[in-house]
Amino acid sequence: MRFARLSLALAVLAASATTVAAENRCLVKGKMQDQSFELKSCAAALYDNKGATIWFTEKPLPAETLDTFHLNSYADLSGTSMSLSLCPGGNKSVVDPKAATNVAFEVEHAATPMVAQSFLFDPGKTPDLKIEKLSGELKAGGRLVGKMKVSTKLDRGQAYSWDAEFDVTFPAKLAAAGPGCGD
């Protein structure tokens, strides 16, 4: 009887440790024109073992919204939020910060919807995006860890800048849609 209780207690502790280890951590601080923002919650989706999408929000997403995001990689931005989609290994399923392509950000601010913007960066060809760190495993249940900085201006001088750090775990199931990263 004592052995059964001990086994059960160890199983519960192991499950708790796994849950804690899989928790997503992120922080995005920045400005959209004159509006500051800070995002501390995030979720990740992976398509075709190549295309990753991370959805940064102020508050954790409701379970139903999160399930839909995991299925289709689409971040329905509302409030203050940001979506990052990229091919972390170019057209390969191995993370390589030097090969990363199609880095797209969409940003929206709750206080001023007019500052919402979409950006597409080609790493290595623009000084507006710096990938400081990018590593992980592009597979169901894998992790993606990164740090990126953006500082850019639009044609009329509107400034956008942010620092984004993330350590996310992909769901156990791949999304049915997402960023296309080639063959």
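By how many nm would the segment from Lys92 to Ala177 lengthen if fully extended, with 0.36 nm per residue of separation less the alpha-carbon distance?
Details: separation 85, 0.36 × 85 = 30.60 nm, distance 1.68 nm.
That pair, Lys92 and Ala177, stretches by 28.9 nm at full extension.
When Phe166, Phe69, Phe119 are arranged by Cβ crowding within 10 Å, least crowded first, meaning fewest neighbours, the order is Phe119, Phe69, Phe166. For segment 56-67, putting each phi into the Karplus relation 6.51 cos²θ - 1.76 cosθ + 1.60 with θ = phi - 60° gives couplings of 9, 9, 6, 10, x, 6, x, 3, 5, 5, 4, 4 Hz, in residue order, rounded to whole numbers and with x for Gly and Pro.
Taking 1 over the mean of 1/r across every pair of different Cα atoms in segment 24-169, what Kirkwood radius in Å do you get?
Details: mean 1/r = 0.0658 Å⁻¹.
The answer is 15.2 Å.
Going by neighbour counts of Cβ atoms within 10 Å, the residues Leu86, Leu154 line up, fewest first, as Leu154, Leu86. Rounded to the nearest whole Hz, the Karplus-based 3J(HN,Hα) values (6.51 cos²θ - 1.76 cosθ + 1.60, θ = phi - 60°) of segment 149-162 follow the sequence 10, 10, 8, 9, 10, 7, 4, 9, x, 5, 9, 10, 8, 6, with x at glycine and proline.
Quick one: Trp55, Trp162, fewest Cβ neighbours within 10 Å first, how do they rank? Please report the intermediate quantities before stating the final value.
Details: Trp55 27, Trp162 22.
With the sparsest Cβ surroundings first, the list reads Trp162, Trp55.
Can you tell me the dipole magnitude for the chain around its Cα centre, using point charges on the Cβ only (Lys, Arg +1; Asp, Glu -1), in Debye to the nearest 20? Present the calculation step by step, with values, prior to reporting the outcome.
Numbers: 20 positive and 20 negative charges, 127 e Å.
Roughly 600 debye for the chain.
Beyond 23 Å in Cα-Cα separation lie the following of the pairs Lys59/Lys147; Lys29/Lys147; Lys59/Lys92; Lys50/Lys98; Lys125/Lys149; Lys92/Lys173: Lys59/Lys92.
Since every read-out is calculated from the coordinates, none of them should be taken as a lab result. None of these values were measured; they are calculated from a predicted model. With ideal geometry, Cβ positions are generated from the backbone for all residues, glycine too; neighbour counts draw on all protein chains shown.
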